[in-house]
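What follows is a single structure, written as C-alpha cells, with notes after it.
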Amino acid sequence: MHLGRTTVSKFLIQQLTGIRGANDLGALLVDVAAAVKAISAMTAKGALGGYLGEQGATSVQGEAQQKLDALAHEVVVRSCEWGGLVAGMVSEELPQPYPIPAEYARGRYLLVFDPLDGSSNADVNVSVGTIFSVLRHDADEPPAMGDYLQGGLQQVAAGYAIYGPATMLVLTVGKGTHGFTLDREIGNFILTHPNLQIPSETSEFAINTSNARFWEPPVQRYVSECQAGRAGVRARDFNMRWIASLVAETHRILMRGGIFMHPRDTRDRTRQGRLRLLYEANPISLLIEQAGGRATTGDQRLLELKPQALHEPVPLIMGSRCEVERIERYHAEHASGADLPFSSPLFNERSLFRPEARL
C-alpha cells in the first residue's frame, strides 16, 4: 500500500482488527486527531489570533496558565465528550476528572491528556505538543477517581501531536509506534513514518544542566562521563540537547535516537520527579518502548509503576536502550555502594582527586 494514501482512519481500521472495542477505540482516536488539527491551527496563528501570553490563572501544578493551555484543553474536551466513546477525562488543566455531561452517552474508555505540553515555549515559537493516553473503563457506573489510576501497561493507546514546521501525530495501539503528517491541503493525517525504531546506541543526551547540583550521583556520573568525551571512559564525544518540551525531545529521539533525562533531584524531597505519570510519562514511555527503546525512573521500569494520584509527578529517563540500561546500572551500583570512588566526597567537582583530574 502506498504510504502517501494511508490515512490515520484507514490505518486504525487495519491496526485494530481483532481488538476488543476496536470500532469505538478507532473512533475516539479519530476524535483526538480532529482536536489536534484545531489546536494546530491555533498554534500556527500565534499572536495573529491573540492566543499567546498568560491566561491570568494558575494551573494544578501552581504554574502560570497560558492562553493556549486553556484553549487546547477546551478543544480536546469538546471534541471527545459527545460521541459516547469516553466515560470520563483527566486533563493537566483540571484538579479533578472531567465528568461526561448527562446529555451525552458514556463510553468504555477514559482519556487522560496534557493539552499543550511545553506551552511556555509558544511565545518564542518553539515546538509544543499534545500528549494523550487511553484506558479502558468496562463498568456501567461513572468512573471513580481510582478508575483512572491504572498502570502504564494497561494503556490501550497512547500518542502525541507535535506542532512544529509540520504537524505530526505519533501513536501506538500496542503494535509499534507510527507517525502521521498533517496534509493541510486535504485536512487529513497521512502515514509517513511507519514502525519507528530507536537506535539502541546513541551519542546524544538531553538534560537541563542548570539543575546539576541537585542530581542523584548516578545521573551526575553518567553526564560527567558524556561531557568527558573521547578522553573519558566512554571514549567518544557526545552532543547535548535541551528544548524544555517533552514532546519535542521525544520526537527527536524517535526520529534519530538519543536519551532524555528528567531525573529525580533534591530540590523538593516531597516530590519524586517533575513529569506527570498518567498523562505525560506513561504515554511517552509506551511510545518509546513500542519503538524499541526503554523508559525508567532510574530504579524501575516506568510502565510498571502503580499511580497513586491523578497528577502524581515522577522522574523519567528514556530513549536508546543501551544508554538507559547504563543509567539503570549506575543506579543499582550506587544503591549497593559499588560506584565508589565516584560517589565519594573526595571526587566531587572541586576536588583535585576526581577521576578525570588524576594524571
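Given the Cα atoms of the chain, and with Rh set as the inverse mean 1/r over their pairs in the Kirkwood sense, what is Rg to Rh to two decimals?
On the way: Rg = 21.0 Å, Rh = 21.2 Å.
Checking Rg against Rh, the ratio lands at 0.99.
Using only alpha carbon pairs under 8 Å that are at least six residues apart, calculate the relative contact order of the chain and give it in whole percent. Walk me through the numbers before you get to the answer.
Numbers: 730 pairs, mean separation 51.5, N = 359.
About 14 percent, as a whole number.
Counting other beta carbons within 10 Å of each residue's own, what order do GLU141, GLU185 fall into, fewest first?
Values: GLU141 9, GLU185 6.
Ascending number of Cβ neighbours within 10 Å: GLU185, GLU141.
If I build a Gaussian network model for the chain, linking alpha-carbon pairs within less than 10 angstrom, which residue out of ARG267, ARG136, ARG106 has the largest mean-square fluctuation?
Judging by the Gaussian network model, the answer is ARG267.
Hey, which aspartates and glutamates would be in cross-link range of LYS37, C-alpha to C-alpha under 13 Å, not counting anything within fewer than 8 residues on its own chain?
The reachable aspartates and glutamates, counting only those whose Cα sits under 13 Å from LYS37, are ASP183, GLU185.
In degrees from 0 to 90, rounded to the nearest 10, what is the angle of the helix 22-45 Cα long axis to the longest principal axis of the chain?
Once rounded, the angle reads 70 degrees.
Using only Cα atoms and rounding to the nearest 10 degrees, what angle (0 to 90) does helix 246-256 make with the longest principal axis of the chain?
On a 0 to 90 degree scale, this one is about 80.
Order by neighbour count: LYS67, LYS175, fewest other Cβ atoms within 10 Å first, most last.
Values: LYS67 20, LYS175 12.
Exposure proxy ranking, most exposed first: LYS175, LYS67.
Taking the beta-carbon count within 10 Å as an exposure proxy, list SER336, SER40 from fewest neighbours to most. Intermediate values should be presented prior to the final figure.
Numbers: SER336 8, SER40 21.
With the sparsest Cβ surroundings first, the list reads SER336, SER40.
Taking Cα atoms, how many degrees apart are the long axis of helix 321-336 and the longest axis of the chain, rounded to 10 and kept between 0 and 90?
It works out to around 60 degrees.
Please report, in debye to the nearest 20, how large the charge dipole of the chain is about its Cα centre when each Lys and Arg carries +1 at its beta carbon and each Asp and Glu carries -1 there. Could the numbers behind the result be given before it?
On the way: 35 positive and 39 negative charges, 189 e Å.
Around 900 debye, computed over the chain.
With a cut-off of 8 Å between alpha carbons and a minimum separation of six or more residues, what is the relative contact order of region 3-193 in percent? Write out the running numbers ahead of the final one.
Values: 350 pairs, mean separation 35.1, N = 191.
Computed over region 3-193, the figure is 18 percent.
Pull up all non-local amide H partners of VAL90: gap of 5 or more, or a different chain, and H-to-H distance under 5 Å with H placed in the peptide plane.
TYR98, LEU111, VAL112, PHE113
How far apart, in nm, are two points set 7 Å out from the Cα along the Cα-to-Cβ line at THR17 and at CYS322?
Calculated label separation equals 3.7 nm.
Calculate how many DSSP beta bridges within the chain are antiparallel, expressed in % of all such bridges and rounded to the nearest 5.
On the way: 45 of 55 bridges.
Given both bridge residues lie in the chain, the antiparallel proportion sits at roughly 80 percent.
Any read-out appearing in this document is the output of simple, stated calculations on the displayed coordinates, not a laboratory observation. None of these values were measured; they are calculated from a predicted model. Please note: Cβ atoms are built from the backbone with ideal geometry, for glycine as well, and neighbour counts cover all protein chains shown.
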